[in-house]
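Q: Here's a structure for you.
The values are calculated or read from the model by the stated rules, or taken from the named source; none is laboratory data. Just so it is clear, the model here is predicted, and its values are computed rather than measured. In this analysis, Cβ positions are derived from the backbone assuming ideal geometry, glycine residues included, and neighbour counts consider all displayed protein chains. Only protein heavy atoms, including side chains, enter the accessible area calculation; ligands, DNA and RNA are left aside. Shrake-Rupley method; radii C 1.70, N 1.55, O 1.52, S 1.80 Å.
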Amino acid sequence: MTTAPEATDYPVLWPVPTRWADNDHYGHVNNVAYYSFFDTAVNGWLMSATGTDIRELDAVGVVAETSCRFLAQLSFPDELRVGIAVEKLGTSSIVYSLAVFRVHQDELVAAATGRFVHVYVDSATRRPVPIPPSIRAVVEPLTA
């Protein structure tokens, strides 16, 4: 992506707060916190959208790949929205397209973009299995 994303590019905008501990010695949110924002937004949204504690399903989504491209600095106490869209929906995996936006007055300003891959595995054996129907039902409408 050569230009900053727009909030309208994402069907879900999930609120994620910055925390005091997210700031590093340089006074901005450390790069590792962005991965936490992604994980928190995707899993929080999945739990809300399905009405299920996803940790209790027979299959769980484990992160197989993640990446982040930084666009602008964030700092505590910035308010954030994480944009969630689905790039690809497979049999046992979901590729999410994500963006972190800072709430600034009445605008959402892009601070980062990311990619996040969940592979669904059996809770006991950790072998790949099909995406649970309750997850697939809420994710399908987010496909581009």
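Q: Given the Cα-Cα distance of residue 107 and residue 70 and 0.36 nm per residue of separation, how much length would full extension add, in nm?
A: Result: 11.5 nm gained on full extension.
Q: Please name which of 117, 28, 73 has its Cα lying farthest along the dipole of the chain towards the positive end, using unit charges on Cβ (Lys, Arg +1; Asp, Glu -1) and the Cα centre as origin.
A: The residue sitting farthest along the positive end of the dipole is 117.
Q: How large is the helix-only mean residue ellipticity at 222 nm for the chain, computed as the sum of -39500 (n - 2.57) over DSSP H runs with n ≥ 4, divided by its residue count, in deg cm²/dmol to the nearest 500?
A: -6000 deg cm²/dmol
Q: With contacts defined as alpha carbon pairs under 8 Å and 6 or more residues apart, what's the relative contact order of region 30-125 in percent?
A: Averaging sequence separation for qualifying contacts and normalising by length gives 33 percent for region 30-125.
Q: In vacuo Debye scattering of region 1-54, one point per C-alpha: log10 I(q)/I(0) at q = 0.23, 0.25, 0.27 Å⁻¹?
A: -1.00, -1.04, -1.07
Q: Here's a follow-up. Report, in debye and to the nearest 20, how large the dipole of the chain comes out about its Cα centre when Lys and Arg carry +1 and Asp and Glu carry -1 on their Cβ.
A: Its charge dipole is roughly 340 debye.
Q: Taking only protein heavy atoms into account and a 1.4 Å probe, give the accessible area per residue of the chain in Å².
A: 55 Å²
Q: Let me ask another. Give me D for region 76-142 in µm² s⁻¹, whole number, from Stokes-Einstein with Rh from the Kirkwood sum over alpha-carbon pairs, 37 °C and 0.692 mPa s.
A: Roughly 241 µm²/s, to the nearest whole number.
Q: Would you mind telling me the share, in percent, of accessible area of the chain contributed by carbon and sulfur at probe 1.4 angstrom?
A: Of all accessible area on the chain, carbon and sulfur atoms account for 51 percent.
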